[in-house]
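Chemist: Handing you this structure, nothing more for now.
The values are calculated or read from the model by the stated rules, or taken from the named source; none is laboratory data. Computed from a predicted structure; not experimentally measured. Please note: Cβ atoms are built from the backbone with ideal geometry, for glycine as well, and neighbour counts cover all protein chains shown. Surface accessibility is based on the protein's heavy atoms, side chains included, excluding ligands, DNA and RNA. Shrake-Rupley method; radii C 1.70, N 1.55, O 1.52, S 1.80 Å.
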Amino acid sequence: MLRSAAPHTISVKDKRFAVSVPASRIGQEVRRVAGEIDRDYAGREPLFLAVLNGAFMFAADLLRLLSVPCRLSFVKLRSYRGLESRGEVSQLIGLGESIEGRDVIVVEDIVDTGLTMSRLLEGLRQMGPASLSVCTLLLKPGKLLHSVDISYCALRVPDDFVVGYGLDYEGLGRNYADIYSIIKE
Ligand code: 5GP
């Protein structure tokens, strides 16, 4: 299938973005991560929990490159304001099967401060998986505030806001094959 060359800059709602990671580079790094998982999980049957919506494209590309037998479930984090706490609380929804005794790999689009992932891991750990690891498409090392053990990371990116390859800005921009960084104007 012919794909026209990616535009160097795009507009999403009221913001402009410039290509920061082209699709070819994303493909290389996803392939590398798939190779690492195949090696580490040989002889096992991991269960991938892909976090919607952002990780849908990454999960689809990653899983089609894997050889190890595996299962896939999509989960979602619903944020709400706790009635008694002033902080934001995330509730895991969509997990329709038991993860007890399973080798679980969480597939996420981006780890920024690490708060979302550390809360998610805390909740999953209480469900008794045999092992629990994290596979993220993107990591912003400069913004990490919460310690999260990340076993697999496709790309490290600068602190700027990004869209594309599953990631959105106000619901738009997920469809681009490349990753774009915001242009500060
Ligand atoms: P954290 O809890 O690690 O600070 O944030 C994680 C979540 O924030 C991600 O799952 C994602 O939804 C959102 N996020 C953080 N940085 C970006 C970004 O640069 N672009 C987009 N589209 N979402 C981001």
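Chemist: Collect the residues in region 132-144 that are open to solvent by 30 Å² or more (accessible area, probe 1.4 Å) and part of a strand (DSSP E or B), keeping them in residue-number order. Spell out how you get there, then give the answer.
Modeler: Step one: of region 132-144, the residues open to solvent by 30 Å² or more (accessible area, probe 1.4 Å) are 132, 141-144.
LEU132 - this is the single residue of region 132-144 that is open to solvent by 30 Å² or more (accessible area, probe 1.4 Å) and part of a strand (DSSP E or B).
Chemist: Assess whether LEU95 counts as being away from the ligand (no atom under 12 Å from the Cβ), in a strand (DSSP E or B), open to solvent by 20 Å² or more (accessible area, probe 1.4 Å) and modelled with pLDDT of 90 or more.
Modeler: Considered against the rule, which asks whether it is away from the ligand (no atom under 12 Å from the Cβ), in a strand (DSSP E or B), open to solvent by 20 Å² or more (accessible area, probe 1.4 Å) and modelled with pLDDT of 90 or more, LEU95 comes out as no.
Chemist: Test SER147 against the criterion of being at pLDDT 95 or above, small (Gly, Ala, Ser), outside any helix (DSSP H, G or I) and over 12 Å from the mean Cα position of the chain (by Cα), and give yes or no.
Modeler: On the way: at pLDDT 95 or above: no; small (Gly, Ala, Ser): yes; outside any helix (DSSP H, G or I): yes; over 12 Å from the mean Cα position of the chain (by Cα): yes.
No: the conditions fail for SER147.
Chemist: Just checking, does region 117-126 include any residue being of a type in the set (Lys, Arg), touching a residue at least 24 places away in the same chain (Cβ under 8 Å), touching a strand residue (DSSP E or B) at 6+ places or on another chain (Cβ under 9 Å) and at negative phi?
Modeler: Taking region 117-126 as the starting set, the residues that turn out to be of a type in the set (Lys, Arg) are 119, 125.
Still in the running and touching a residue at least 24 places away in the same chain (Cβ under 8 Å): 119.
Retained after the next criterion (residues that are touching a strand residue (DSSP E or B) at 6+ places or on another chain (Cβ under 9 Å)): 119.
Checking the rest, the ones that are also at negative phi come to 119.
Yes, because at least one residue in region 117-126 is of a type in the set (Lys, Arg), touching a residue at least 24 places away in the same chain (Cβ under 8 Å), touching a strand residue (DSSP E or B) at 6+ places or on another chain (Cβ under 9 Å) and at negative phi.
Chemist: Answer yes or no as to whether SER85 is at pLDDT below 95, open to solvent by less than 60 Å² (accessible area, probe 1.4 Å) and assigned to a loop (DSSP other than H, G, I, E, B). Talk me through it step by step, then tell me what you get.
Modeler: Numbers: at pLDDT below 95: yes; open to solvent by less than 60 Å² (accessible area, probe 1.4 Å): yes; assigned to a loop (DSSP other than H, G, I, E, B): yes.
Answer is yes for this residue.
Chemist: So, in region 137-159, exactly how many residues are under 20 Å from LYS184 (Cα atoms) and among the β-branched types (Val, Ile, Thr)?
Modeler: 1
Chemist: For THR113, state whether it is within 12 Å of the ligand (Cβ to nearest atom), in a loop (DSSP other than H, G, I, E, B) and of a type in the set (S, T, N, Q). Walk me through how you get there before you give the answer.
Modeler: Details: within 12 Å of the ligand (Cβ to nearest atom): yes; in a loop (DSSP other than H, G, I, E, B): yes; of a type in the set (S, T, N, Q): yes.
So THR113 fits the description; yes.
Chemist: Would you mind finding the one in ARG119, ARG174, ARG78 that is assigned to a loop (DSSP other than H, G, I, E, B), surrounded by fewer than 19 Cβ atoms within 10 Å (Cβ to Cβ) and within 13 Å of the ligand (Cβ to nearest atom)?
Modeler: On the way: ARG119 fails: assigned to a loop (DSSP other than H, G, I, E, B); ARG78 fails: assigned to a loop (DSSP other than H, G, I, E, B).
Being assigned to a loop (DSSP other than H, G, I, E, B), surrounded by fewer than 19 Cβ atoms within 10 Å (Cβ to Cβ) and within 13 Å of the ligand (Cβ to nearest atom) holds for just one of ARG119, ARG174, ARG78, which is ARG174.
Chemist: Going by the conditions given, is ILE182 more than 17 Å from PHE58 (Cα to Cα), modelled with pLDDT of 95 or more, surrounded by 15 or more Cβ atoms within 10 Å (Cβ to Cβ) and within 12 Å of the ligand (Cβ to nearest atom)?
Modeler: Values: more than 17 Å from PHE58 (Cα to Cα): yes; modelled with pLDDT of 95 or more: yes; surrounded by 15 or more Cβ atoms within 10 Å (Cβ to Cβ): yes; within 12 Å of the ligand (Cβ to nearest atom): yes.
Against the criterion (more than 17 Å from PHE58 (Cα to Cα), modelled with pLDDT of 95 or more, surrounded by 15 or more Cβ atoms within 10 Å (Cβ to Cβ) and within 12 Å of the ligand (Cβ to nearest atom)), ILE182 qualifies.
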